[in-house]
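Down below is the structure, laid out as structure tokens.
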Amino acid sequence: MSHDVMIDLQQVNKFYRGQKAPVVENMSMTIQQGEIIVLVGPSGCGKTTTMKMINRLIEPSSGRILIDGTDVTALDGNDLRRQIGYVIQQVGLFPHMSVATNVGLVPKMLGWDAKRIEARADELLHLVGLEPAIYRNRLPRQLSGGQQQRVGVARALAADPPVMLMDEPFGATDPMTRDRLQNEFLRLQEQLRKTIVFVTHDFDEAIKMGTRIAVLGERSKIRQFDTPENLLAQPADSTVAQFIGRGARLKQLDLRRVDAITWQDVPLIQLDKPVNGAKRQLDQTEGSSALTVDADNRPLRWVNADDLAARPDALDEAGQTVTTVEPQATLRDALDAMLASRDGAAVVVDEHGRYAGTVTLDGLMQVIHHTPERGEPGSGVPDQRSAVAPAAELTPEQR
Amino acid sequence: MSSAAETQAAATVLTPPSRWRGLLRRHAPMPAILAAVLLATYLWVSATDLDDIERRALEADKLLRAAGEHVTLAAQTTVLVVAIAVGGGILLTRPSLRWLAPFATALANIGQATPAIGLLVLLSIFLGIGSSTALIGLVAYSVLPVLQNTIVGINQVDRHLIEAGRGIGMSPIAVLLRIELPLAVPVILAGVRTALVLAVGVATLATLINAGGLGSLIVTGIKLQRETILVTGAVLTAALALTLDWLGGVISDLLRPRGLD
């Protein structure tokens, strides 16, 4: 079990001289290898302080912090920080150094030779989607904000550190760029499997990025530490619920995919069949609608008995066009497709566009009102569950 | 971004606009003006009927010696001031010593606020006359701009850059040498230029405590009521100050880290 634990905070405290109350009080947290842990909370709650104690930019007053089993206070602070990726909101690229020099700073401090540093910088620029030939000699001010933060991420990854600390890394970019950077980073993380501590005050970002989310209160006290799904479904107390804000149900839809809910079957009508046969088929089935499909089983239109009566001759013109979703789509996409459809159902198609099933509003309702089980599909999160007492009063409707 | 813009941008990066051409454009006028003024003074002096006293005072080797003394004094002052004030400025921006900065600038302020001539005379009472006393006086007088600019220059470096540097594992010394100082260079050099011009001007007073320099011409000119001597001394001093300031400007342009503006 312990070999999976990457970062272990044990009763960490931070006091400042002259301040009565600690900034961080008795913080304990165990982070597994490969997780993105999001620390989220109001400003001034100590989340950044907590993060900075991990790489000892801020020295803990008491308690222990283990990274991969080693107590960080036993290491030289600078050596420690060279082994931990660090990304900040303001990016902090050095304006007088080229992009490649910025990216190669940590390898250089680690004593790599020039050729290897250069190759690594190019590799990383490529990884973050910046063509090395164009960007390596640029100066930071010649890049857009989004490009700068990509370079910031590349610099943090330079020495391939197992652990990364990210302090509101996408906070300073416009919403569209932020969304793109988030998606790119998640895709990167799928390859890299870093252990990441991510600080934000934006709960939506936390839901999107986090394997698990720690909602922090004053003095970095953990109010709830759980997967985004569980957090949304069962906020531990009213403060957490308040922090989640409105639309928790809708946010849940973002987290789940179409392949995670049960699909229903509807009668299919091959287009080449005669209309009368189709009519009979429709009458026999209890559902009111059927789906016309082409020869390859690709869904075309929804039809019901009335449609057939109105257009007895041409089946390919009858009914209403279908809205389709792929199994990987989020339930929010599915909901959108359902709302666009007359029958409140979205057709699931495989990657070739062939009919696979349908999802309905009823199916969605079931998922939302069904408490998530342990171990969400695909998240690979171990069974470490919420740090709050499970008996915490749960009132699903908090408003 | 279109690919055309991209290639164009890449081209500007690969071939930055020649530094030398910009340098020439910015810094060419001053030498020309100085040469014209010096030439005009020379023509005026040679066209004037000089008496014995004037001729003796304006002998070429005498002028050269006075100018040499003046330059030496100014150069020594500059070296000492840079060593003291930049070093002090660095120390006074370290987190553990930052609280001392107001005291140090107050002290430097006193040095500059004291009338230069009073300072020199006071010092000569304690230290005797001569060029080392003049040097001490000049240093005390010109430390302030460099010290203040070093402190301001380092403090104006974006705190996040320093945090980023520390966060990726740079030692405090590395952060100072690779980030803080390079980014503070333009501001520090501006202070050095100010100090240089001050030093050249104040060095004319060095002659009052027997430390030589172009001030001797001016003082002679005043005492003996010989305009040519007075004007020559004053013009040479001003030309020297402007030349050094010009040189400082060129150096500061050459040392300015790229990527700023």
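A short reminder: the numbers here are calculations on the coordinates, not readings from a lab. None of the values given here were measured: they were computed from a predicted structure. Methodologically, a virtual Cβ is constructed for each residue, glycine included, from the backbone with ideal geometry; neighbour enumeration extends over all protein chains shown.
In table form, for the structure just shown:
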quantity: Compactness relative to 2.2 N^0.38 Å, alpha carbon Rg of the stretch B:20-135; calculated: 1.57
quantity: Over 19 Å [Cα-Cα, the stretch A:8-83], rounded percent; calculated: 34 percent
quantity: For the stretch B:107-231, alpha-carbon Rg over 2.2 N^0.38 Å; calculated: 1.46
quantity: All Cα pairs of the stretch A:130-170, percent lying beyond 14 Å; calculated: 52 percent
quantity: Among beta bridges that DSSP assigns inside the stretch A:2-255, antiparallel share in %, nearest 5; calculated: 45 percent
quantity: Dimensionless Rg ratio for chain A, taking C-alpha atoms and the 2.2 N^0.38 Å reference; calculated: 1.22
quantity: At 1.567 mPa s and 4 °C, Stokes diffusion of chain B via Kirkwood alpha-carbon radius, µm² per second; calculated: 62 µm²/s
quantity: J(HN,Hα) series, the stretch A:122-127, from Karplus relation 6.51 cos²θ - 1.76 cosθ + 1.60, nearest Hz, glycine and proline x; calculated: 4, 4, 6, 4, 4, 4
quantity: Charge dipole of the stretch A:2-255 about the Cα centre (unit charges at C-beta), most positive-ward option of A:PHE94, A:LEU57, A:SER220; calculated: A:PHE94
quantity: DSSP-loop trypsin sites (Lys or Arg not before Pro) across the stretch A:56-89, with at most 12 other Cβ within 10 angstrom; calculated: none
quantity: The stretch A:348-371-the stretch A:111-125 distance, computed between alpha-carbon centres (Å); calculated: 47 Å
quantity: Debye log10 I(q)/I(0) at q = 0.09, 0.10, 0.20 Å⁻¹ for the stretch A:130-240, Cα point scatterers; calculated: -0.29, -0.35, -1.15
quantity: DSSP loop GluC sites (Glu not before Pro) with at most 14 other Cβ within 10 Å excluded, longest remaining stretch of chain A; calculated: A:1-285
quantity: Degrees between helix B:29-47 axis and first principal axis of chain B (Cα, 0 to 90, nearest 10); calculated: 0 degrees
quantity: Per-pair calculated FRET efficiency, R0 = 56 Å: A:ASP79 and B:MET30 via Cβ, rounded to 0.05; calculated: 0.65
quantity: ³J(HN,Hα), Karplus 6.51/-1.76/1.60, whole Hz, each residue of the stretch A:143-157, x for Gly, Pro; calculated: 10, 6, x, x, 5, 4, 5, 4, 5, x, 5, 4, 4, 5, 8
quantity: Equivalent-ellipsoid semi-axes of the stretch A:77-174, from the Cα gyration tensor, Å, largest first; calculated: 19, 17, 11
